[in-house]
Amino acid sequence: MTDMTLVAPAAAPSSEDQSWLTSLADWTVSLMEIIGPVGAGVAIALENLFPPLPSEVVLPMAGLTASRGSFTLFEALLWTTIGSVVGAFMLYGLGRWLGAARLRTFAEKMPLLHPEDVDRTVAWFERHGGKAVFFGRMIPIFRSLISIPAGVSKMPMWRFGLLTGAGSLIWNTIFVLSGYLLGENWHIVEEYASILQYVVIAAVAIGVAWFLYARIRSLLASRHSEV
């Protein structure tokens, strides 16, 4: 029987983050030990539903396990892509259930938000949704969240599934192959992927700050004109 014991990375073994990532890696490998490549698909489906679970850790583990002969590289890519699509469709379903009408009602009750914001977002997604879904599958955080506006705008399910599958296959292949080729040094991939994640988080923070600034400025100007 192939030895599936995960060797923890040598770098920063006492780090809290490293310990958490190692525990996640151990759990992922254990799941794949029990149910084979399907376990990789289950782990990635969960990653779609809970974005804090990093695919940058789960996917290399599938490649590492494939390199040890527990299943083939093709099976790792197949099941991780299936898991990505299944998880994305669950969030797509949430978006369909919420719908634009419910989101407008929610926006009416939230400070600094208006129903028109929902309408503009849906209109933008209807124009650029295909590119957003495809490329969004290759951007940390957005790779999960992009499925919700797709459901809200009622993108055809066949189109959503095709774009999600294509984008996910590219993303998954990069990280599964990295784990397959790097072996126990898989954590090198996660370190570089973290930089991209920080850039995305910073960009989102700047975008939110700009939106709030513009909305508050508009609100103050409106009140000033009423005086």
Exercise. In this structure, does D3 turn out to be among the acidic types (D, E), modelled with pLDDT under 80 and in a helix (DSSP H, G or I)?
Worked result: no
For this session: Kindly list the number of the only condition in (1) surrounded by fewer than 16 Cβ atoms within 10 Å (Cβ to Cβ); (2) part of a loop (DSSP other than H, G, I, E, B) that fails for K131.
Result: (2)
Problem set entry | In the range 27-60, the residues that are open to solvent by 10 Å² or more (accessible area, probe 1.4 Å) and hydrophobic (A, V, I, L, M, F, W, C) | W27, L31, I34, I35, V38, V42, A45, L46, L49, F50, L53
Exercise. What pairs can you find where one residue is in the range 158-179 and farther than 17 Å from L59 by Cα, the other is open to solvent by 40 Å² or more (accessible area, probe 1.4 Å), and their Cβ atoms are less than 8 Å apart, with a gap of 6+ or different chains?
Worked result: F160/F89; G161/F89; L163/F134
Problem set entry | Members of the range 150-172 that are open to solvent by less than 40 Å² (accessible area, probe 1.4 Å) and farther than 18 Å from T80 by Cα | A150, G151, V152, S153, M155
Seminar exercise, completed: For E126, the lone unmet condition from (1) buried (at least 19 other Cβ atoms within 10 Å of the Cβ); (2) without any contact (Cβ under 8 Å) to a residue 40 or more places away in the chain is (1)
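The values are calculated or read from the model by the stated rules, or taken from the named source; none is laboratory data. What you see is a predicted model; the values in this text were computed from it and never measured. Backbone-built Cβ (ideal geometry, glycine too); neighbour counts: all protein chains shown. Quick note on the areas: whole protein, heavy atoms, side chains included, nothing else; ligands and nucleic acids left out. Shrake-Rupley method; radii C 1.70, N 1.55, O 1.52, S 1.80 Å.
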